[in-house]
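The structure appears below as C-alpha cells.
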Amino acid sequence: MREEDSSESGQESDVQLPPSAGIMGDGQAGGSGALAHEEVDAVLAAAYLPMDPIEVRFARCEALAAHGYIPQATTLALQLSKYLVGHLQDLSDVEDARSHHILSTDEANHAGMFTFLLNVLQCPKYPMATKYLQVKLYYLEGEIVSLLQTANVEDHELEQLRDAAVQMATAVASQIVPPIALAHFILDRLSYSFNVCELDQNGQPTARVIPARVSSRRPQDDDLALKAALDAIGARPLFSEEDYPLLSEAARRQKGELAIALLT
C-alpha cells in the first residue's frame, strides 16, 4: 500500500507545474505581443511615403469640395491652376487627380479654367506605353474639350484662341502626336459665321447677325480657324503605325470628325 501511495504521489508530482512556470509563460506571451507590435510599426514606417506639397494641396482642395467648403476649394483650385500653367513642363510625372469640376460650377472662374485647359491641350503629347494609358489619354482629352465648351468666350479668350491658331502650324510640324482636338475646338469657337450669326434648324449659319456677339469678333477669324483645321488634318504623325495602331486609329478618327465639321 505504501508503494502504491508513493507511486501515485510521484505521478501527481509529475503533473504539477512549478509556480514560476506560469509566470514565465505569461512573460513570453507579452514579449511576443510587444515584438509583433514593433514589427507592424516598422512595416508601416517603411511603407510610408511623404507627399509632395503640390499633392497635399490637391488633396486639401478635394477634401474642401467634398465637405461643402466650395469658396475655399475654388480659391485653392484657382491657385493650383495658375501654378500648373507655369510649371506644365515640370509636372509630367504627376499622377492624375480626380476631378470634381470645382472651377466650372461658377462662371466667375471660367476665365482661369479656360486658360489652364487651353494650355493643357497645347502641351506636346507622346505615344503611351500601353493601350490602357492611350485610351485614358484620349478620354481625358475629350473631357477637357467638353469643359472648354462650357466656358464663356470673351475678348481675352478670343485672343488666346487666335494665338493658338497661329501656333498650330508649328505645333503640327514639331509634335509627335498632332493636336487635332485643339484644332477642332479652335474651329468651333473661333469661326466667325458660326459664332456671330444665328443658326437654322439644321445647325447652319443664317444671314441674321446677333449684335451682341459682333463686338469682339473679327471676319479674319474664319481664316485663322480654317488654316488651323487644315494644318491639323494634313499633319503627318511622327510615330510608327505598326508600333502604335490604337493611337493611329484615334488620330484618323479625330481627323475624320474635323473634316466633317469643315464640310458641314
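The values are calculated or read from the model by the stated rules, or taken from the named source; none is laboratory data. Treat the numbers as computed from the prediction; the structure is a model and nothing was measured. Heads up, the Cβs are rebuilt from the backbone with ideal geometry, glycines too, and the neighbour counts pull from every protein chain shown.
For the reader, a short list of remarks on this structure follows.
- Within region 109-137, considering residues that are of a type in the set (Phe, Trp, Tyr) and surrounded by fewer than 18 Cβ atoms within 10 Å (Cβ to Cβ), the one farthest from LEU158 (Cα to Cα): TYR132
- The lone exception for ARG98 - which of (1) more than 22 Å from the chain's Cα centre (by Cα); (2) modelled with pLDDT under 85 it fails: (1)
- You will find that of ALA181, ALA261, the residue that is surrounded by 16 or more Cβ atoms within 10 Å (Cβ to Cβ), assigned to a helix (DSSP H, G or I) and modelled with pLDDT of 85 or more is ALA181 and no other.
Residue by residue, here is whether (1) surrounded by fewer than 15 Cβ atoms within 10 Å (Cβ to Cβ); (2) at pLDDT below 85 holds:
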position: ARG217; (1), (2): no, yes
position: GLN220; (1), (2): yes, yes
position: LEU224; (1), (2): no, no
position: ALA229; (1), (2): no, no
position: ALA232; (1), (2): no, no
position: GLU241; (1), (2): yes, yes
position: TYR244; (1), (2): no, no
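- Subset of region 217-255 (residues that are part of a helix (DSSP H, G or I), free of Cβ contacts under 8 Å to residues at least 40 places away in the same chain and over 24 Å from GLN160 (Cβ atoms)): PRO245, SER248, GLU249, ARG252, ARG253
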